[in-house]
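One structure below.
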Amino acid sequence: MFTIRKAVAEDMPAVFELIMELAVYEKAPHEVINSPQQLVADGFGPQPLFGCFVAEYEGRIVGISLYYWRYSTWKAKRLYLEDIIVTDAMRGKGLGKLLMDRTLQHTLDEGCSGILWQVLDWNEPAINFYKKYNANFSSEWLNVSLEADEIKQLLQK
């Protein structure tokens, strides 16, 4: 029924469509500055910055798991799950579980000490999905970030 496989560069337009679908769901499409071309450059060049599994149904990409590696001073090599995205029409069919399970297996295959990710506090369907995996939800860590334009302003001072 579903096929889960490693993404190839030619998949990036369809991957980007799913990214935009997620951005709309999270009420932030205006924040997306990525593009299919940037995904190809970043994921399929000499030093790929991310990995991706795609889920196909009847020859069409209907879900993705996008991840990258990070390094912890305490726990060494870890996998960071950036997003699992399943198109709205295919939700509730077990596709998220197939993508998550494949990503978890990849975590072990890569010799990582674990996997981590974030979930928005209002995204109840995602929270409930991750609870099925007995995931640890931390209330101790706060998300911190700076955007490129903010960094430029800070460094000019």
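No lab work stands behind these numbers, since they all come straight from the coordinates. Please read all numbers here as calculations on a predicted model, not as lab measurements. We place every Cβ from the backbone using ideal geometry, glycine too, and count neighbours over all the protein chains shown.
When you scan the stretch 122-156, how many residues do you find that are charged (D, E, K, R) and more than 24 Å from residue 33 (Cβ to Cβ)? Adding up the residues that qualify gives 4.
Conditions (1) of a type in the set (Asp, Glu); (2) surrounded by 13 or more Cβ atoms within 10 Å (Cβ to Cβ); (3) more than 14 Å from the chain's Cα centre (by Cα), marked per residue:
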| position | (1), (2), (3) |
| --- | --- |
| 21 | yes, yes, no |
| 40 | no, yes, yes |
| 69 | no, yes, no |
| 99 | no, yes, no |
| 103 | no, yes, no |
| 112 | no, yes, yes |
| 115 | no, yes, no |
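Within the stretch 95-107, being of a type outside the set (Ser, Thr, Tyr) and under 25 Å from residue 141 (Cα atoms) holds for 100, 104.
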